[in-house]
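The values are calculated or read from the model by the stated rules, or taken from the named source; none is laboratory data. What you see is a predicted model; the values in this text were computed from it and never measured. Glycine gets a Cβ as well: all are built from the backbone with ideal geometry, and neighbour counts include every protein chain shown.
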Amino acid sequence: MPVVNEERKTETPENSKSTLPPLVSAANLVREVSFEDISTNIRPLGQLEESFIIATDDEGLLLIDQHVAHERILFDKYRALENARPADSQNLLMPETFDLTPAQTAAFDSVAEELEAYGFALMRLSGRTVAIKAVPADLPAGEARNMLAEVLETVDAEKRGSTRATFRDEVAASLACRAAIKINTPLALEKMRWLIDRLLLTSSPTTCPHGRPVILRLATRDIEKGFHRS
């Protein structure tokens, strides 16, 4: 009779199994980049979800929020207009008109001159009707009505009594947010480089005008630690 060879089973003792340390969550390794730690040698690689620029520097991997990065660039640009010429404007093909509420009407009278310094061309028509004839060059024409309404809604009696610099900061921040590159927007590598280069020239490249972080870092040493190489 033919002899059937039974497969030999090799058992590995429990104590011979190699044990790996527990995996550390990446959420604990990603850190905000402070102003002191900002690198001037940032190299863009691509985009994540067409919303975040993936880049590297000498310390590791960076994620840059393209919207808030552009917000910071535009905010500094608008605030610099205080001591410079008025902002560039783009004329609307057809002036936009809308009726103000009584509260907005009072606010409009106090901020119209300030808004024109940022590139708006506004006209008070009969009653409470206002016409927008031109908007800042950076602002999409479709955002003109929303931008003006947003500014007027925030200018209440208390804010009208605040300092001129504080008010200009509020207007510049609102305008920068409306005009900045949106999320889910594809960017060419040249545009990413332009954003990064301009961001590094701003007064605060690591935070947006509203205080949100602009850049997150995953350091090379933490990546190596995550892969148990150190």
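Identify, please: which residue in segment 75-110 is closer than 29 Å to Leu199 by Cα and in contact with a Leu (Cβ under 7 Å, 6 or more places away or on another chain) and is, among those, surrounded by the most Cβ atoms within 10 Å (Cβ to Cβ)? Out of the qualifying residues, it is Tyr78. The residues listed here are Thr202, Thr185, Thr166; of these, the one that is of a type in the set (S, T, N, Q) and modelled with pLDDT under 95 is Thr166. Among the residues making up segment 83-138, those that are among the aliphatic types (A, V, I, L, M), at pLDDT below 85 and more than 30 Å from the chain's Cα centre (by Cα) are Ala103, Ala106.
Here's the yes/no breakdown for (1) in the same structural domain as Ser204 (by TED's automatic domain parsing); (2) on the phi > 0 side of the Ramachandran plot; (3) not in a loop (DSSP other than H, G, I, E, B):
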residue: Glu36; (1), (2), (3): yes, no, yes
residue: Thr40; (1), (2), (3): yes, no, no
residue: Ile64; (1), (2), (3): yes, no, yes
residue: His70; (1), (2), (3): yes, no, yes
residue: Phe98; (1), (2), (3): no, no, yes
residue: Ser110; (1), (2), (3): no, no, yes
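If I filter segment 98-117 for residues that are of a type in the set (Asp, Glu) and over 22 Å from Thr154 (Cα atoms), do I get at least one hit? No, segment 98-117 has no match at all.
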